[in-house]
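**Student:** Would you mind keeping the following structure in view while I ask a few things?
The values are calculated or read from the model by the stated rules, or taken from the named source; none is laboratory data. If you're wondering where the values come from, they're calculated on a predicted model, not measured in any experiment. Please note: Cβ atoms are built from the backbone with ideal geometry, for glycine as well, and neighbour counts cover all protein chains shown.
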């Protein structure tokens, strides 16, 4: 058998000195809040012109400062924008000038190349009527084809250049089945005669492919310029 005792609750009591301190602090807080609320209300009470005027003056001063700062900001922004626009214009002008200089340099280089090219084409051995063959090249291609390239020029004439009309003839010497033979292009009455026609005042460039018999070995190629059946110029290359 056990004896149960009733539960007891122990409460701690603060000293009166501490309670008084808390009460004073609370009263001060309430007083400060009340004073702030009262001051705020007084600024809006009709007839209290001193508070309203003070607020108006502060608002006017702040408004003036904001306006001044806004004007200064706008002025600085305008100056910066003008400077940036000036720099952009200057940069665009410099880029345009650089592009023009580059274009002129390219054109100048091209003119120099053209001049050197035409100077290299000046004939050294002028034949009858000043006709000459320059830069004659022939090389073998695929499937028994022969690639040719040449330039026919007419030299200077004291009486002025006249229109030259004639034709080109290519004679290919080949070795086929142990025998040497010559194949002429274009063939007499051939449909490709127009490809070898010449008609120019100063020069004419010709190039094309020749089809050779199967198994033929090219030994040399001769180019001849004819005018009404008469030989005006000729040149040969060996392969």
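**Student:** Quick check on the range 212-221: of everything there that is surrounded by 16 or more Cβ atoms within 10 Å (Cβ to Cβ) and outside any loop (DSSP other than H, G, I, E, B), which residue is modelled with the highest pLDDT?
**Tutor:** We begin by selecting, within the range 212-221, every residue surrounded by 16 or more Cβ atoms within 10 Å (Cβ to Cβ); these are 212, 216, 218, 221.
In the following step, the residues that additionally are outside any loop (DSSP other than H, G, I, E, B) were identified as 218, 221.
On the way: 218: 93, 221: 96.
The selected residue is 221.
**Student:** If you don't mind, there's one more thing I want to ask. Considering only residues that are under 15 Å from residue 229 (Cα atoms) and either surrounded by 13 or more Cβ atoms within 10 Å (Cβ to Cβ) or at pLDDT 90 or above (or both), which ones fall in the range 172-195? Don't jump to the end; show me each part of the working.
**Tutor:** From the range 172-195, those under 15 Å from residue 229 (Cα atoms) are 184-189, 193; that's our starting set.
The answer is 184, 185, 186, 193.
**Student:** Still on this structure: With respect to residue 204, determine if the residue is surrounded by 13 or more Cβ atoms within 10 Å (Cβ to Cβ), modelled with pLDDT of 95 or more, assigned to a strand (DSSP E or B) and in contact with a strand residue (DSSP E or B) (Cβ under 6 Å, 6 or more places away or on another chain). Outline the logic, then answer.
**Tutor:** Details: surrounded by 13 or more Cβ atoms within 10 Å (Cβ to Cβ): yes; modelled with pLDDT of 95 or more: no; assigned to a strand (DSSP E or B): yes; in contact with a strand residue (DSSP E or B) (Cβ under 6 Å, 6 or more places away or on another chain): yes.
No; evaluated as a whole, the condition is false for this residue.
**Student:** Which residue, of 157, 125, 55, 81, is on the phi < 0 side of the Ramachandran plot and at pLDDT 75 or above?
**Tutor:** 81
**Student:** Continuing with the same structure: Based on this model, can you work out whether residue 224 counts as at pLDDT 95 or above and either in a strand (DSSP E or B) or out of contact with any helix residue (DSSP H, G or I) (no Cβ under 8 Å at 6 or more places or on another chain) (or both)? Please lay out each step first, then the result.
**Tutor:** Values: at pLDDT 95 or above: yes; either in a strand (DSSP E or B) or out of contact with any helix residue (DSSP H, G or I) (no Cβ under 8 Å at 6 or more places or on another chain) (or both): yes.
Here the answer is yes, as residue 224 does meet what is asked.
**Student:** Do we have any residue at all in the range 177-194 that's touching a residue at least 40 places away in the same chain (Cβ under 8 Å) and under 50 Å from the mean Cα position of the chain (by Cα)? Don't jump to the end; show me each part of the working.
**Tutor:** Going residue by residue through the range 177-194, those that are touching a residue at least 40 places away in the same chain (Cβ under 8 Å) are none.
No; the residues of the range 177-194 include none that is touching a residue at least 40 places away in the same chain (Cβ under 8 Å) and under 50 Å from the mean Cα position of the chain (by Cα).
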